[in-house]
Amino acid sequence: MKFFSLFSRLGFSNTYLVGPRGGGDAILVDPGVFDAALLQAVEANGLYVRSILITHAHNSHINGIRALRKVYDSQIYAAQPSVLDFPARRVQDGDRLDLGEFSVRVIGTPGHSIDSLCFQVGNLVFTGDSLSAGGTGTTRDGYARGLLLESIRRKLLPLGDEVLLFPGHGPPTKVGVEKLYNPLLGEKL
Amino acid sequence: MFVSRPCSEPSCKRPALSGAAACSVHLPAVAQYVAAQLAGRDGRVVLEDLDLVGVRVQDLDLSGANITGCRFTASTFSRVKFAGCQLSLSFLDRAVFEECDFSGAAILNAVLAGSRLTACSFEDCEIAQVNFLGIQADRVRFDHSNLYGSRFIGAILESVSMRDCNLTRAFFDLPHRDAVDFRSSNTAEAVFQEVPA
């Protein structure tokens, strides 16, 4: 697997590119921006952005879609039927997607937004704004906070300590690291 | 990115070392094997997608190495030179670093969480979005480095120097802030004791 992390100064967000080692159809997660660095990573590795996964439709995670769709004929997968007026295939918790050589598991983690999703590809989980290194996503109220913590505890933490987490903002982390050092995960609901 | 495979030893739960059938405990002549894995070719060290959990490396010069997509979880590095290396998308969590020199390195999107660092230098480094959660650092220098977006939540820092650093969007949750020398660093751009969202 070829794997790249790209940083966008617009919204300080991370975009992730997953593709076959020998080139071919790739997956892009949360294109907050589509810039020369991302285009270079795609083209230099013989990849084609066939699928776009959206963890949640906040601007810092989707703004690159307009430019991206001018270059690549990509299918968008999101919790909504459309993203920035582009049609998307709706996905929800428990869905499995076969995208090229990758099998993607959809994990619903509502709270930061009511329809927030995480995507698991092998040992990698893209957590959007649900869980970051030492933190969690912001929430609108106590109910949403409870939903978020519950979904993290019930769906992400049991995945295994060595599962790698790639958040929408900030550095990567691991499930085991968050269990030990994330001060928010001990909050009472 | 590295691929994890189980050790061939029955009942062992450790991952096998890259290219080998067994883990760091069950592989015969493991030191020689690790040395061969970390050796350069044509005068250049490129470590890509290696899974070397629980290995011990000492007195090795990895200056200028390009390290990406690797896992060195729970490994021990003693007197290893990482000066000027490029380290990205790699996992060096729960590791031990003793007298290691990272000066001039570019460390991007890496995880050193839970590691113990003693008498190490990270001076003049690009350290962007690095996970230092829960590290224990004693006599470690980060002077003149860019620590943009790195996170030190739950870290225990003693005699740590962060002079003249860029701390923009760096997160600190330090029980003993006095033990860190932040002189000439932009602490106003950092976040102290506020857990990130």
Report task. Just check region B:112-197 against the gyration tensor rule for me: Cα atoms, a ≥ b ≥ c as the square roots of the eigenvalues, rounded for a/c under 1.5, and otherwise prolate or oblate depending on whether a/b exceeds b/c. Result -> rounded
Report task. Using Cα positions and a limit of under 29 Å, work out the lysines in reach of A:LYS70, with same-chain residues fewer than 8 apart set aside. Result -> A:LYS2
Query raised in the report: Does region A:58-131 come out rounded, prolate or oblate by the C-alpha gyration tensor, with a ≥ b ≥ c the root eigenvalues, rounded set by a/c under 1.5 and, if not, prolate when a/b is larger than b/c and oblate if not?
Result: oblate
Query - Residues of type aspartates and glutamates that A:LYS174 reaches as a straight line, Cα spacing below 14 Å, ignoring anything fewer than 8 places off in the same chain - result: A:ASP161, A:GLU162, B:ASP93
**Report entry** Fluctuation leader among B:ASP93, B:ASP51, B:ASP61 - chain B, Gaussian network, Cα springs under 10 angstrom
**Finding:** B:ASP61
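List the longest stretch of chain A that has no exposed loop site; here a site is one of the trypsin sites (Lys or Arg not before Pro) assigned by DSSP to anything other than H, G, I, E or B, with at most 15 other Cβ within 10 Å.
A:22-139
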Query raised in the report: GNM, chain B, Cα, under 10 Å: largest mean-square fluctuation among B:GLY149, B:GLY54, B:GLY40?
Result: B:GLY40
Query raised in the report: So what is the relative contact order for chain B, in percent, with contacts set as C-alpha pairs under 8 Å and at least six apart?
Result: 11 percent
Requested in this report: Report, in deg cm²/dmol and to the nearest 500, the calculated mean residue ellipticity at 222 nm for the protein assembly as shown, where each DSSP H run with n ≥ 4 adds -39500 (n - 2.57) and the sum is divided by the residue count.
Outcome: -3000 deg cm²/dmol
Requested in this report: Sort out for me the Cα centre separation of region A:3-74 from region B:52-85, rounded to whole Å.
Outcome: 30 Å
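Each reported figure results from applying straightforward, stated rules to the coordinates on display, with no laboratory input. Being a predicted model, the structure only gives us computed values, none of them experimental. Please note: Cβ atoms are built from the backbone with ideal geometry, for glycine as well, and neighbour counts cover all protein chains shown.
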